[in-house]
Amino acid sequence: MDYHQFKDEVIAYSKEIGIDKIGFASADVFGELKARLQRQQALGYQSGFEKGSPEERAEPDRLLPEAQSIISIALAYPSKMENAPKSKKGERRGVFARASWGRDYHDVLRDKLNQLGAFLKQHVPEVELKSMVDTGELSDRAVAERAGIGFSGKNCAIITPEFGSYVYLGEIVTNIPFAPDEPVDDSCGDCNICVDTCPTDALVQGGQLNAQRCIAFLTQTKDFLPEEFRTKIGNRLYGCDTCQTVCPKNKKKDFHNHEEFEPDPEVAKPQLIPLLSVSNREFKEKFGSISGSWRGKKPIQRNAILALGHYREESAIDELVRLMEKDPRPVIRGTVAYSLGKIGTPVCFQAIEQAIEKEDNEQVLYEMKKGLQFEER
């Protein structure tokens, strides 16, 4: 087979099925990535959500022994929402990060990769392949960088010339020996805006992220949020866009190429108070199709409670007090006590004092006493 010609055919087919950008990389070991991952692990900078060891994440032939090349794809997603509802007193709203707008990107990219894989099998019946999106062992970003999709910015995102960093990435490891594409030149230059603007100093330096401090990670945790971060998350319910929205490379980048990624404003920017009483079934019906729902409703509700404290939203007091008194989850009861303390009305402090009399969980009691400390400030 003429693999040079076949590569052109694959590129043409990718455009037919709505893939915004495609690139080809060798399946050689990602030596620099492996060293970086080992360093991240030693420093305790990993999130814990990563799949596989540094070796598995950097050596494609561990995933497909016959691996000769990797196909990287990118789909652009919107950065702006039409008719976005306003958050106002009495109707405060939270926000999901742009990468969680619309249908779960994992599903959309898998569909594209499956179509691409079927095309490869149709033309090369003996083909071996393994595809993955985000949750696979390989680093999507390292593959995309090698395949010329874009360069790895100081904000630890792939920045494409066409779409900025508002792209989802996926890849297929294959035994077809496609010729590799040329990487894109890094053009961050002296710009350090993302590093300087990160709310929690999670970007240790350009290109190095301490995931344990990253708001995108913190909003997905299920335990009590460490206090130093509670004033930083604002009204974020899932994810964080700061290091992307401040990036000059993203200025005027807003693509609506895929209907699946168009946000439902009431899902992407939901009212906070109704979130507090949503059932598991209701949560799944409303939010189950977006990527931000993967950890379930508990982290979202915890973040909503913190957002109401951030807004000092007095209309939420009754519902917050109900949760503090009746919710079976210690993280929710304790977080409510903290936020009631921030709202800071006499009713809030009285409710916390009454709840202390009935509470027997040590962590919750600690949070309740912390909530009462706001009365002294």
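The values are calculated or read from the model by the stated rules, or taken from the named source; none is laboratory data. Since the structure is predicted, the reported quantities are computational estimates derived from the model, not experimental observations. Counting neighbours? That spans all protein chains shown, and the Cβs are built from the backbone with ideal geometry, glycine included.
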Going by the conditions given, is Phe255 in a loop (DSSP other than H, G, I, E, B) and farther than 23 Å from Asp327 by Cα? yes
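For every residue, the table says whether it meets (1) buried (at least 19 other Cβ atoms within 10 Å of the Cβ); (2) in contact with a helix residue (DSSP H, G or I) (Cβ under 6 Å, 6 or more places away or on another chain).
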site: Met1; (1), (2): no, no
site: Glu16; (1), (2): no, no
site: Ala25; (1), (2): yes, yes
site: Gln46; (1), (2): no, yes
site: Gly52; (1), (2): no, no
site: Asp107; (1), (2): no, no
Of all residues in the stretch 132-150 being out of contact with any strand residue (DSSP E or B) (no Cβ under 7 Å at 6 or more places or on another chain) and under 21 Å from Arg295 (Cα atoms), the one that is surrounded by the fewest Cβ atoms within 10 Å (Cβ to Cβ): Thr135
Quick check: is even one residue across the stretch 209-216 at pLDDT 95 or above, part of a loop (DSSP other than H, G, I, E, B) and either surrounded by fewer than 16 Cβ atoms within 10 Å (Cβ to Cβ) or not small (Gly, Ala, Ser) (or both)? yes
Of all residues in the stretch 285-302, which are under 24 Å from Glu227 (Cα atoms), over 15 Å from the mean Cα position of the chain (by Cα) and either surrounded by 22 or more Cβ atoms within 10 Å (Cβ to Cβ) or among the small types (Gly, Ala, Ser) (or both)? Gln301, Arg302
Could you list, in sequence order, all residues of the stretch 27-44 that are surrounded by 13 or more Cβ atoms within 10 Å (Cβ to Cβ) and more than 22 Å from Gln220 (Cα to Cα)? Ala27, Asp28, Val29, Phe30, Leu33, Lys34, Arg36, Gln38
Any residue at all in the stretch 242-249 that is more than 25 Å from Asp107 (Cα to Cα), over 20 Å from the mean Cα position of the chain (by Cα) and in a loop (DSSP other than H, G, I, E, B)? no
Counting only residues that are in a strand (DSSP E or B) and in contact with a helix residue (DSSP H, G or I) (Cβ under 6 Å, 6 or more places away or on another chain), which one in the stretch 122-150 is nearest to Gly18 (Cα to Cα)? Ser131
For the stretch 217-236, what are the residues that are in a helix (DSSP H, G or I) and farther than 17 Å from Gln46 by Cβ? Glu227, Glu228, Phe229, Arg230
Within the stretch 69-82, is even one residue exposed (fewer than 14 other Cβ atoms within 10 Å of the Cβ), out of contact with any Lys or Arg (no Cβ under 7 Å at 6 or more places or on another chain) and within 24 Å of Arg213 (Cα to Cα)? no
Taking Pro161 as meeting all but one of (1) more than 14 Å from Ile19 (Cβ to Cβ); (2) crowded, with 17+ Cβ neighbours inside 10 Å, write down the number of the exception. (2)
Would you call Arg333 within 23 Å of Gly90 (Cβ to Cβ), among the charged types (D, E, K, R) and assigned to a helix (DSSP H, G or I)? no
